[in-house]
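Remarks on the structure that follows.
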Amino acid sequence: MDWSFIGHYAPFFVTGALMTLTISVFGIALAIVVGAVCAAIETARIPVLRQIVRVYVEISRNTPLLVQLYFLYFGLPKLGFVWSAEACAIIGLAFLGGSYMAEAMRAGVEAVPVVQRENAVMLGFSRLQTVVHVVVPQAASTALPGIVANVIFLIKESSVVSAIALADVMYMTKDLIGMYYSTYESLFLLIVTYLIILLPISIVGSWLERKFNYERL
Amino acid sequence: MSDFNILLEPGVFPRLLNGLWVTVWIAGVSVLLSIPVGLVTGWLMTAKSRTIRAIMRVYLDFIRIMPQLALLFIAFYGLARLWNWNLDATGACVLVFVLWGGAELGDLVRGAIQSIPAIQTESAYVLGLTGPQTFARVVLPQAIRRLLPASVNLATRIVKTTSLAVLLGVVELIKVGQQIIDANRFQYPSGTLWIYGVIFLMYFIVCWPLSVVARYLEKEWATA
């Protein structure tokens, strides 16, 4: 292991990590929005839209992100939708993540006992009030572990964006191995970078899970 | 849109199917080999020895926290350098998927084993069964019910992850698609859309039935 090489090329991995994080943050934020909308449509049982959401969830969950990205990045421009690699990666991540988020949120809402809604009606809550003050807070505590798990999953999945030429952590690794034959050093930096990104989220995730677990209190 | 005809060129569809077969083969072998690895891992995770449990914990957490692509790089580039162990790309993929699938399956096995009431193993002990016998004949048959739905889901995840093999240079479905696109670049400039569309659909056709089966098993066996 050549430590001076590691010292010299560590900044590359910081740049790479920033790319990974940028794509992930925007992708995940968008995925949460898509997921919330889909979960709302499904739990409210809105006809037609509900079937569309179902089809979307099945397609998105049963195809790999890499294939989705290739289709977005290389396929769709032939139909006139030309977008940058960054936009593609973010949309791809949101397309994949949206369905996972939707499933987590839906499971959260479904876990709220019917009696809670009934009580809210009895107390004279409007539909909106019931959703905001009764259903969502309870659903959030059940859905949270799933959502955090999805966040970690999506950051990990973002490792494939190097395939559409985005300079993320994986791209740097492959580049350095190719250029300097510095396998150990590059793989070491790769592992360390992902641990630095993912370990804190994983730890905060299990902490949140314990904190927001109202049922066990 | 007229470039749809690229799919009707002689040889294109059979080649894509061949690529799909490579993908399915890698996934299938990985899933099959993951089963024994997962059973042993799960058994070790419930071992009495703290050291063994700690080692398994580190193994599982490391595999879980690293992106699969990073694991593939470690296996493909790292092992060759470390032990001069020149796995080909397919071998590296199978190795990583088995280690990953085995770890995830092991965790499922652990959960299922721990859900079996202690009285079952105690009774087996009283009847004079050895440790492995208790596991194979008492615990496992009961655990399978809880295990199978999640395992089928894991299999779909492995199939989807097989797509990463192209990034190590395995000539599987995606690579075959890229070769067809490149070979027909001038004749069918918009062939990209159709070829990637078909690849997209092929993955869906392989994974979707597995998801449906997993969901069915979950519903069917949840109450038992």
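Could you list, in sequence order, all residues of segment A:192-208 that are open to solvent by less than 40 Å² (accessible area, probe 1.4 Å) and facing chain B (nearest Cβ under 10 Å)?
A:Thr193, A:Tyr194, A:Ile197, A:Leu198
Which one is surrounded by the most Cβ atoms within 10 Å (Cβ to Cβ) among residues in segment B:100-119 that are farther than 16 Å from B:Lys48 by Cβ and not hydrophobic (A, V, I, L, M, F, W, C)?
B:Gly101
For segment A:124-139, which positions are under 23 Å from the mean Cα position of the chain (by Cα) and surrounded by fewer than 15 Cβ atoms within 10 Å (Cβ to Cβ)?
A:Pro137
Considering only helices (runs of 4 or more DSSP H) fully contained in segment B:1-90, which possess at least 3 residues that are touching a helix residue (DSSP H, G or I) at 6+ places or on another chain (Cβ under 7 Å)? Steps first, answer last, please.
Working: elements: B:12-45, B:50-65, B:68-73, B:79-82.
Ranges flagged: B:12-45, B:50-65, B:68-73.
Residues to consider are B:Val138, B:Val159; find the one that is over 18 Å from B:Trp221 (Cα atoms), surrounded by 15 or more Cβ atoms within 10 Å (Cβ to Cβ) and modelled with pLDDT under 90. If you could, list the steps in order and put the result at the bottom.
Values: B:Val159 fails: modelled with pLDDT under 90.
Result: B:Val138 is the single residue among B:Val138, B:Val159 that is over 18 Å from B:Trp221 (Cα atoms), surrounded by 15 or more Cβ atoms within 10 Å (Cβ to Cβ) and modelled with pLDDT under 90.
Report, by residue number, each residue of segment A:1-33 that is more than 14 Å from A:Leu154 (Cα to Cα) and open to solvent by 50 Å² or more (accessible area, probe 1.4 Å).
Within segment A:1-33, A:Met1, A:Asp2, A:Trp3, A:Ser4, A:Gly7, A:His8, A:Pro11, A:Phe12, A:Val14, A:Thr15, A:Leu18, A:Val33 meet the criteria.
Find the residue count for segment A:174-190, including only residues that are at the interface with another protein chain (Cβ under 9 Å from one of its Cβ atoms), within 17 Å of B:Trp83 (Cα to Cα) and open to solvent by 60 Å² or more (accessible area, probe 1.4 Å).
Residues meeting the conditions: 2.
Just need a number here: residues in segment B:163-214 that are part of a loop (DSSP other than H, G, I, E, B) and either within 14 Å of B:Leu17 (Cβ to Cβ) or within 11 Å of chain A (Cβ to nearest Cβ) (or both). Don't jump to the end; show me each part of the working.
Of the residues in segment B:163-214, the ones part of a loop (DSSP other than H, G, I, E, B) are B:169-172, B:184-190.
From what's left, either within 14 Å of B:Leu17 (Cβ to Cβ) or within 11 Å of chain A (Cβ to nearest Cβ) (or both): B:171-172, B:188-190.
Of the residues in that region, 5 qualify.
Condition test on B:Tyr188, is it surrounded by 18 or more Cβ atoms within 10 Å (Cβ to Cβ) and modelled with pLDDT under 90? Talk me through it step by step, then tell me what you get.
Values: surrounded by 18 or more Cβ atoms within 10 Å (Cβ to Cβ): yes; modelled with pLDDT under 90: yes.
Yes; evaluated as a whole, the condition is true for this residue.
Among what's in segment A:157-173 and is open to solvent by 30 Å² or more (accessible area, probe 1.4 Å) and not aromatic (Phe, Trp, Tyr), pick the residue that is farthest from A:Gln68 (Cα to Cα). So that I can check it myself, show each step before the final result.
Just the residues of segment A:157-173 that are open to solvent by 30 Å² or more (accessible area, probe 1.4 Å), to begin with: A:157, A:165, A:167, A:171.
From what is left, the residues that are not aromatic (Phe, Trp, Tyr) are A:157, A:165, A:167.
Numbers: A:Glu157: 12, A:Ala165: 15, A:Ala167: 19 Å.
Once the filter is applied, the top-ranked residue is A:Ala167.
Can you name the number of the only condition in (1) of a type outside the set (Gly, Ala, Ser); (2) crowded, with 22+ Cβ neighbours inside 10 Å; (3) within 14 Å of another protein chain (Cβ to nearest Cβ) that A:Cys38 fails?
(3)
Which one is nearest to A:Asn150 (Cα to Cα) among residues in segment A:74-86 that are hydrophobic (A, V, I, L, M, F, W, C) and exposed (fewer than 15 other Cβ atoms within 10 Å of the Cβ)? Walk me through how you get there before you give the answer.
As a first pass, look at segment A:74-86 and keep what is hydrophobic (A, V, I, L, M, F, W, C): A:74, A:76, A:79, A:81-83, A:85.
Retained after the next criterion (residues that are exposed (fewer than 15 other Cβ atoms within 10 Å of the Cβ)): A:79, A:81-83.
Numbers: A:Leu79: 31, A:Phe81: 28, A:Val82: 28, A:Trp83: 26 Å.
The qualifying residue nearest to A:Asn150 (Cα to Cα) is A:Trp83.
Would you be able to tell me the number of residues in segment B:32-83 that are buried (at least 18 other Cβ atoms within 10 Å of the Cβ), of a type in the set (A, V, I, L, M) and within 9 Å of chain A (Cβ to nearest Cβ)?
5
Being of a type in the set (Val, Ile, Thr), within 14 Å of chain B (Cβ to nearest Cβ) and touching a helix residue (DSSP H, G or I) at 6+ places or on another chain (Cβ under 9 Å), is that true of even one residue in segment A:15-22? Walk me through how you get there before you give the answer.
If we filter segment A:15-22 for residues that are of a type in the set (Val, Ile, Thr), which is where we start, we get A:15, A:20, A:22.
Now narrow it down to the ones that are within 14 Å of chain B (Cβ to nearest Cβ): A:20.
From what is left, the residues that are touching a helix residue (DSSP H, G or I) at 6+ places or on another chain (Cβ under 9 Å) are A:20.
Scanning segment A:15-22 turns up at least one residue that is of a type in the set (Val, Ile, Thr), within 14 Å of chain B (Cβ to nearest Cβ) and touching a helix residue (DSSP H, G or I) at 6+ places or on another chain (Cβ under 9 Å).
Give segment B:14-41 a look and list any residue that's within 16 Å of B:Val198 (Cα to Cα) and without any contact (Cβ under 8 Å) to a residue 60 or more places away in the chain, or say none.
Within segment B:14-41, B:Pro14, B:Leu17, B:Trp21 qualify.
Residues in segment B:94-138 that are assigned to a helix (DSSP H, G or I) and more than 11 Å from the chain's Cα centre (by Cα): how many? Working first, answer last.
We begin by selecting, within segment B:94-138, every residue assigned to a helix (DSSP H, G or I); these are B:94-114, B:118-126, B:131-138.
Subsequent filtering for residues that are more than 11 Å from the chain's Cα centre (by Cα) retains B:106-114, B:118-126, B:131-138.
Residues meeting the conditions: 26.
If you go through segment A:82-103 one residue at a time, do you hit one that is modelled with pLDDT of 90 or more, farther than 30 Å from B:Gly191 by Cβ and away from chain B (no Cβ under 12 Å)? Even if it seems obvious, please write down each step before you answer.
Applying the first criterion (modelled with pLDDT of 90 or more) to segment A:82-103 yields A:84-103.
This time we only want the ones that are farther than 30 Å from B:Gly191 by Cβ, so: A:100-103.
Now narrow it down to the ones that are away from chain B (no Cβ under 12 Å): A:101-102.
Taking every residue of segment A:82-103 in turn, at least one turns out to be modelled with pLDDT of 90 or more, farther than 30 Å from B:Gly191 by Cβ and away from chain B (no Cβ under 12 Å).
The values are calculated or read from the model by the stated rules, or taken from the named source; none is laboratory data. Note that the structure is a prediction, hence the values are computed from the model and not measured. Every residue, glycine as well, gets a Cβ built from its backbone with ideal geometry; the counts of neighbours run over all protein chains shown. With ligands, DNA and RNA removed, areas are computed over all heavy atoms of the protein, side chains included. Shrake-Rupley method; radii C 1.70, N 1.55, O 1.52, S 1.80 Å.
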